Amino acid sequence: MTIRRTACLLALVSSLAASALLGGAAVAQLIDRTLAPNAANEGIAKSLDQQIGAGRGDVYTPGSSAFIIARDPFRAIRRGRQLFQRKFTRAQGQGPLAGDGAGDVGTVLAIGAGLVDSCAGCHGRPRGSAGSGGNVVTRPDSRDAPHLFGAGLKEMLGDEVTADLRAIRAQALAQAHARGRPVTKRLTSKGIDYGSLTANANGSVDTSRVAGVDPDLRVRPFFAHGGQFSLRGFVVGALNDEMGLRAADPDLQAACPLPAGVGGRVITPAGLVLDGSLDTVNCPPAGPSEIDPALVDHLEFYLLNYFRPATYEQSEATEGGRRLLRQIGCTRCHVPNLELRQDRRVADVSTTYNPDRGVFNGLFATATPLFHAVDDGHGLPALKPPLLGPFLVRGIYADLKRHDLGPSFHERNYDGTLQTEFMTAPLWGVGSTAPYGHDGRSINLSEVILRHGGEAQAERDAFAALPSLFREAVLAFLNTLIIFPPEDTASNLNPANPGAPGFPQFGHGSVKLSVLFNDPSDPE
């Protein structure tokens, strides 16, 4: 698709946005209205079997996940969202808890993960979003479920940093072999320092000075301790551990090590390369599958394309707080912006304060397509691959590294050891996600900042030494970094209509993808 055609699509989106094709809004956890019909006609429009469709299939199999992701990507995102909110039933395989709550919790942390009937049971605030809210006991001090806004951008950034660090390692090894002596190189990517390594002429590598990442140089941006690098692995693990739904996923199976897997290379439907020869890929749970891989495909694609957090109303005070955050050194680790070289998403959604166009929260979202259309000559809907262009990830405030923030952040493990290093928590969305810390011990932003120590002791002390007015400015800025309920946020896809009967319960607008479906009259 040319830039002109993309602009035409945006115009079409605007013209269709108020159409009745959009249907009613859905919120929070969702019932399946094919199982539980109701007068309001609310809930998921398709049964689980209909969401599975023709299974994984391929780009020539109508109704398959491969076909929908490739040719009707916004339907795939919407279907993934409906699956994320779906309340799974026992008849569909939900439950019981791993080991039914019994076993060695020191090695099988899923025993403490809890049991819910939907992804939204842990990631459901604000309502209808892939937000925060759940609390599990996979550690003695508990863990709070983080929000998943911008999850796809985190996966892609982590993957690119990994590629950069490994390229430096390969260059050092080649130079050491050619020169016949050790070669030491700094490990940097996107302006972030990961320490250094020394390559030896015999092909060995000294990684003792590598910082903030494992010796394999794989950045794992998911979980507080940095334990997972793929959205697909995250989805399959959560389905099993928190919902008791086994997904014998063929992609993870192909990439996980022998003897359980193949240790091979596979590209997931969302475009991530899983290579068992390079990375430790978690194997899917053993046993018969209770979740069709097609559903995992849609969930992965949904999270890849999930919205970035929003920015609330800015003022002189919040602008001053943003500058102070940099001046006292917080942005050394909470890096504001990171450049992505190749964006695999098919759209970006930017959400900012706009009281003239917003309704419930004064927020308005603007969706921008990031795909082009390709007619492959098969008489089928056009392929819609991503543009794969660069994208500046603004306002993430993270460095994709692990740090030791001192004993107040250390975490007990069930085996009696201590976890001392944690990934820098991105600050986007921090204004909406109290309580704070991976364990939820800090009740407000001031407390979690003052809790910092270790590598962040100097920054913590600088914040504490600020005059109260300046501290309040920093907190005011942080409180503008928010997440939002997509179904209650007006957008260029579905603007607010104050003239609608029953406004604002009806016509308040939403971030609605239906107008971009190949067939908008077929709801999800």
| said: For the stretch 32-46, which positions are part of a loop (DSSP other than H, G, I, E, B) and either within 17 Å of ALA247 (Cβ to Cβ) or in contact with a strand residue (DSSP E or B) (Cβ under 7 Å, 6 or more places away or on another chain) (or both)? | reply: ARG33, GLY43
| query | Name the residues in the stretch 241-273 that are in a loop (DSSP other than H, G, I, E, B), β-branched (Val, Ile, Thr) and within 21 Å of the chain's Cα centre (by Cα), would you? | reply | THR268
| task | Please enumerate the residues belonging to the stretch 249-275 that are of a type in the set (Gly, Ala, Ser) and modelled with pLDDT of 95 or more. | result | ALA254, ALA255, GLY264, ALA270, GLY271
| said: Looking at the stretch 47-81 only, could you name the residues that are surrounded by fewer than 19 Cβ atoms within 10 Å (Cβ to Cβ) and assigned to a loop (DSSP other than H, G, I, E, B)? | reply: SER47, ALA54, GLY55, GLY57, ASP58, VAL59, TYR60, THR61, PRO62, GLY63
| query | If GLU455 passes every condition in (1) part of a helix (DSSP H, G or I); (2) of a type in the set (Asp, Glu); (3) open to solvent by 20 Å² or more (accessible area, probe 1.4 Å); (4) more than 30 Å from THR107 (Cβ to Cβ) but one, which one does it miss? | reply | (4)
| remark: Checked the stretch 309-334 for anything within 18 Å of the chain's Cα centre (by Cα) and open to solvent by 30 Å² or more (accessible area, probe 1.4 Å); matches are THR311, HIS334
| query | How many of the residues in the stretch 193-238 are assigned to a strand (DSSP E or B), touching a residue at least 60 places away in the same chain (Cβ under 8 Å) and open to solvent by less than 10 Å² (accessible area, probe 1.4 Å)? | reply | 1
| said: Given the condition open to solvent by 40 Å² or more (accessible area, probe 1.4 Å), in a loop (DSSP other than H, G, I, E, B), more than 27 Å from PHE223 (Cα to Cα) and at pLDDT 95 or above, answer yes or no: does some residue in the stretch 466-484 qualify? | reply: yes
| note | Those residues of the stretch 385-424 which are of a type in the set (A, V, I, L, M), surrounded by fewer than 20 Cβ atoms within 10 Å (Cβ to Cβ) and either assigned to a strand (DSSP E or B) or touching a Lys or Arg at 6+ places or on another chain (Cβ under 8 Å) (or both) amount to LEU388, LEU392, LEU418
| said: Given the criteria in contact (Cβ under 8 Å) with a residue 24 or more places away in the chain, part of a helix (DSSP H, G or I) and either among the polar types (S, T, N, Q) or open to solvent by 30 Å² or more (accessible area, probe 1.4 Å) (or both), does GLN94 qualify? | reply: no
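The values are calculated or read from the model by the stated rules, or taken from the named source; none is laboratory data. As the structure is a computational prediction, the values presented were derived from the model and not from experiment. Glycine also receives a Cβ, built like all others from the backbone with ideal geometry; neighbour counts cover every protein chain displayed. Heavy atoms of the whole protein, side chains included, go into the accessibility calculation; ligands, DNA and RNA do not. Shrake-Rupley method; radii C 1.70, N 1.55, O 1.52, S 1.80 Å.
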